[in-house]
Ligand SMILES: Nc1nc2c(ncn2[C@@H]2O[C@H](COP(=O)(O)OP(=O)(O)O)[C@@H](O)[C@H]2O)c(=O)[nH]1
Ligand SMILES: [Mg+2]
């Protein structure tokens, strides 16, 4: 599972990628090179759990990011092809003003940039659908085929959506319809995170960014989210000692870097949730998909635990922290015994009992 960082040239993509992953990317202007990096999912609940167990190790969940470089017109085709391999699109949009950094479109207009990219994605899908429909219609003339009929009907539905200038991520499809076009990797169907790269002067009012820049249109849409960050400020924070960074954040009235919200939003859009395991050797966050059963969660830890699954002992993390220990939580009847099919909830602390 990974998120692809895209956007126009000089909007702050590489700056963001570097601080997300603390990775060292060599050289400037390496627009066409792809960089993959791993970001830790910030999780204060792990620290709360650690207070109970004093573990040797704390392990965070992670999200993978790829820096896909600039989406300038002359390399649009190549850029779009790379996008087919990502699960979520993180679209970095320039909002910050800085005369020393040129804007490829000549002016700052975040709504225009967001809309233009979405249109490119829709155009690409529209092309693909048109070509496929021609093929399908030809084949249907030769011989009747119910599966192909369904595919045709679904593609036509998608086409109408695109012609109304709406992305496929906002189109509701039945399971059968989804299956019929499952082989296509439509770009406008990907969840999208609009990342507003703001000037430092907005650091103390990140929440207001959407309203200030009249971007309400981007908010509250299906399979998408908007987050504001101050790229340059975050880059400075990332270079600092923890204490210094906390002081600088506090001076802006902030409790945590904008980056944290960005990573969490990506994680949500990927459809992922965390559950925890806690003990003296390690307190750890694990990643599963929303809706996964306990036996699958067990398999994420180790295939032996999945195979020998007996039961899961489950407690809500806040109940465990409030109780102070598993024994105390058990006394309060807050520890449940669950079977293989139990649907794991975000924030469950689980101990798996297994044979072998
Ligand atoms: N003033 C200001 N400059 C920024 C900010 N973020 C990035 N930059 C500058 O913009 C230029 C392009 O940044 P870069 O991350 O390489 O952009 P990319 O082309 O999208 O990868 C660099 O000179 C950065 O220092 C920001 O939040 N504020
Ligand atoms: Mg770059």
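The values are calculated or read from the model by the stated rules, or taken from the named source; none is laboratory data. A quick note: this is a predicted structure, and the numbers were derived from the prediction, not measured. Don't worry about glycine lacking a Cβ; one is built from the backbone with ideal geometry, like all the others, and counts go over all protein chains shown.
Is one or more of the residues making up segment 94-113 part of a strand (DSSP E or B) and either within 16 Å of ligand 1 (Cβ to nearest atom) or over 21 Å from the mean Cα position of the chain (by Cα) (or both)? Explain how you work it out, then say what you get.
We begin by selecting, within segment 94-113, every residue part of a strand (DSSP E or B); these are 94.
Next, from what is left, pick out any that are either within 16 Å of ligand 1 (Cβ to nearest atom) or over 21 Å from the mean Cα position of the chain (by Cα) (or both): 94.
Yes - at least one qualifying residue is present in segment 94-113.
Residue-by-condition table, conditions (1) away from ligand 1 (no atom under 13 Å from the Cβ); (2) modelled with pLDDT of 90 or more:
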residue: 6; (1), (2): no, yes
residue: 24; (1), (2): yes, no
residue: 31; (1), (2): no, no
residue: 36; (1), (2): yes, no
residue: 55; (1), (2): yes, yes
residue: 65; (1), (2): no, yes
residue: 75; (1), (2): no, no
residue: 78; (1), (2): yes, no
residue: 88; (1), (2): yes, yes
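So, in segment 34-75, of the ones that are within 16 Å of ligand 2 (Cβ to nearest atom) and assigned to a helix (DSSP H, G or I), which residue ends up surrounded by the fewest Cβ atoms within 10 Å (Cβ to Cβ)? Even if it seems obvious, please write down each step before you answer.
Start the filter on segment 34-75 by keeping residues that are within 16 Å of ligand 2 (Cβ to nearest atom), which leaves 34-37, 65-72, 74-75.
Restricting the remaining residues to those that are assigned to a helix (DSSP H, G or I) gives 74-75.
Numbers: 74: 8, 75: 15.
Top of the filtered list is 74.
From 98, 87, 113, which residue is surrounded by 15 or more Cβ atoms within 10 Å (Cβ to Cβ), over 30 Å from residue 279 (Cα atoms), within 16 Å of ligand 2 (Cβ to nearest atom) and in contact (Cβ under 8 Å) with a residue 12 or more places away in the chain? Can you show your working first?
Working: 98 fails: surrounded by 15 or more Cβ atoms within 10 Å (Cβ to Cβ); 87 fails: within 16 Å of ligand 2 (Cβ to nearest atom).
Going through 98, 87, 113 in turn, just one is surrounded by 15 or more Cβ atoms within 10 Å (Cβ to Cβ), over 30 Å from residue 279 (Cα atoms), within 16 Å of ligand 2 (Cβ to nearest atom) and in contact (Cβ under 8 Å) with a residue 12 or more places away in the chain: 113.
Need the failing condition index for residue 280 against (1) assigned to a loop (DSSP other than H, G, I, E, B); (2) in the same structural domain as residue 91 (by TED's automatic domain parsing), just the number.
That leaves (2) as the condition not met.
Going by the conditions given, is residue 341 outside the structural domain of residue 224 (by TED's automatic domain parsing), surrounded by fewer than 14 Cβ atoms within 10 Å (Cβ to Cβ) and not in a helix (DSSP H, G or I)?
Values: outside the structural domain of residue 224 (by TED's automatic domain parsing): yes; surrounded by fewer than 14 Cβ atoms within 10 Å (Cβ to Cβ): yes; not in a helix (DSSP H, G or I): yes.
Yes, satisfied.
How many of the residues in segment 182-219 are under 22 Å from residue 17 (Cα atoms) and within 15 Å of ligand 1 (Cβ to nearest atom)?
Qualifying residue count for the region: 12.
When you go through (1) within 19 Å of the chain's Cα centre (by Cα); (2) part of a helix (DSSP H, G or I) one by one for residue 177, which number turns out not to apply?
So the condition that residue 177 fails would be (1).
Which of the residues belonging to segment 285-313 are closer than 19 Å to residue 43 by Cα and part of a strand (DSSP E or B)?
The answer is 285, 286, 287, 288, 289.
Do we find that residue 134 is surrounded by fewer than 13 Cβ atoms within 10 Å (Cβ to Cβ) and either on the phi < 0 side of the Ramachandran plot or at pLDDT 90 or above (or both) in this structure?
Working: surrounded by fewer than 13 Cβ atoms within 10 Å (Cβ to Cβ): yes; either on the phi < 0 side of the Ramachandran plot or at pLDDT 90 or above (or both): yes.
Answer is yes for this residue.
Residues to consider are 279, 299, 308; find the one that is surrounded by 13 or more Cβ atoms within 10 Å (Cβ to Cβ) and within 19 Å of residue 62 (Cα to Cα).
Numbers: 279 fails: within 19 Å of residue 62 (Cα to Cα); 308 fails: within 19 Å of residue 62 (Cα to Cα).
Going through 279, 299, 308 in turn, just one is surrounded by 13 or more Cβ atoms within 10 Å (Cβ to Cβ) and within 19 Å of residue 62 (Cα to Cα): 299.
Could you please tell me which pairs satisfy a Cβ distance under 8 Å, a separation of 6+ or placement on different chains, a first residue in segment 335-350 that is free of Cβ contacts under 8 Å to residues at least 60 places away in the same chain, and a second residue that is surrounded by fewer than 12 Cβ atoms within 10 Å (Cβ to Cβ) and assigned to a loop (DSSP other than H, G, I, E, B)?
Listed pairs, sorted by first residue: 343/291.
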